[in-house]
Amino acid sequence: MKLTVIHPAVYIIYYLVLIIFAFLFNNPYYLISLLVCVSVLITLQGISSEFKNLIRFFIPMSLLIIILNPLVSHVGVTKIYLMGNYFITLEAVTYGIIMSLSLLIILLLFTSYSNAVSYQEMLYIFSKKFPNISMIIIMALRFIPLLNFRLSEVNKVFQFDQKHSNNEKKDEGKIDKLKNTAKMLAVVVSWSLEESMLTANSMKARGYGITQRTSYLSFKFRKIDYYFMVIVLVSALVCIAGLLQGQGRIEIYPQLNFSFSENIFNMYYFSFLILLLPLIYLEFKERLVWH
């Protein structure tokens, strides 16, 4: 239970701004600051296990991006290695690293968002104006975790069956394991399709979409929501003003224009840090109160 309840619309706007900024800013100092703050936020939200699972999935994907980008993109003037008839350029390697870092931040922001805003709160915000679109988005967001849960349940049944079956299955090879995995996926897909049909029939029988949807949740804008929005909007506007002047972005192509000795401490960078802090402050305050 949270002591400080923020309106879900404020959360949605805040995370939307952060995700857009993760796309727009490509200065390493800005991206590293954003990554550190989001990691701290996730730790304070108590979802470190999701963070570890995401990192396990992300490391091979980021390595793939960093390796493939210089191989397929030969743009850039700083040649660092000759491979066949093509040069690997510093700009292509840098672009791959920046792109993978931005992708990691966006994935972490989605992880944090799913913890901060529940499905019911999303429906509360969007269902009155966009009932069908909001339902599709909610079902899409819920689909992957639900599929993962069902796969783990089916896997438990298969493992139980193998333990209590004859000993021949203990010596199964890679082909047998592949067949069992295909069987599990077939069961999960059949289960999901059947549940989807039941859900659709149930929604139709209950008259979904005939009248305006009601919700048992009720939120009102309070002082803290206005304070939160003022901090977010003012700091975001200052960051955008800085972005228009080239603050927070570096030129990668055709020649890398960045130095780690660059002085970034100005009002635009501090505004960017201020934008990252409100939610961390609230989560930190919650932990102090409860512990």
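The figures follow:
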{"item": "Residue identified as among the hydrophobic types (A, V, I, L, M, F, W, C), out of contact with any Pro (no Cβ under 7 Å at 6 or more places or on another chain) and farther than 20 Å from Ile125 by Cβ among Met197, Met229", "result": "Met197"}
{"item": "Residue in region 207-225 that is within 30 Å of Lys129 (Cα to Cα), open to solvent by 70 Å² or more (accessible area, probe 1.4 Å) and assigned to a helix (DSSP H, G or I) present", "result": "yes"}
{"item": "Selection from region 16-32 of residues that are buried (at least 17 other Cβ atoms within 10 Å of the Cβ) and in a helix (DSSP H, G or I)", "result": "Val17, Leu18, Phe21, Ala22, Pro28, Tyr29, Tyr30, Leu31"}
{"item": "Conditions (1) under 20 Å from Leu34 (Cα atoms); (2) surrounded by 14 or more Cβ atoms within 10 Å (Cβ to Cβ): number failed by Ile59", "result": "(2)"}
{"item": "Filter result (open to solvent by less than 90 Å² (accessible area, probe 1.4 Å) and more than 14 Å from Phe272 (Cβ to Cβ)) within region 247-259", "result": "Ile250, Ile252, Tyr253, Pro254, Leu256, Phe258, Ser259"}
{"item": "Residue match in region 33-47 (condition: part of a helix (DSSP H, G or I), over 14 Å from the mean Cα position of the chain (by Cα), surrounded by fewer than 17 Cβ atoms within 10 Å (Cβ to Cβ) and free of Cβ contacts under 8 Å to residues at least 40 places away in the same chain)", "result": "yes"}
{"item": "Close pairs from region 86-104: first more than 18 Å from Arg56 (Cα to Cα), partner surrounded by fewer than 20 Cβ atoms within 10 Å (Cβ to Cβ) and among the basic types (Lys, Arg), Cβ under 7 Å, at least 6 apart", "result": "Phe87/Lys79; Thr89/Lys79"}
{"item": "Any hit, region 265-282, residues being out of contact with any Asp or Glu (no Cβ under 6 Å at 6 or more places or on another chain) and not in a helix (DSSP H, G or I)", "result": "yes"}
{"item": "Qualifying helices (runs of 4 or more DSSP H) (wholly inside region 66-181; at least 2 residues being open to solvent by 60 Å² or more (accessible area, probe 1.4 Å) and touching a Phe, Trp or Tyr at 6+ places or on another chain (Cβ under 9 Å))", "result": "90-116, 131-163"}
{"item": "Filtered residues of region 67-85 (kept if polar (S, T, N, Q) and without any contact (Cβ under 8 Å) to a residue 12 or more places away in the chain)", "result": "Asn85"}
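The values are calculated or read from the model by the stated rules, or taken from the named source; none is laboratory data. Just so you know, these numbers come straight off a predicted model, no measurement behind them. Please note: Cβ atoms are built from the backbone with ideal geometry, for glycine as well, and neighbour counts cover all protein chains shown. The area values use the complete protein model at the heavy-atom level, side chains included, leaving out ligands, DNA and RNA. Shrake-Rupley method; radii C 1.70, N 1.55, O 1.52, S 1.80 Å.
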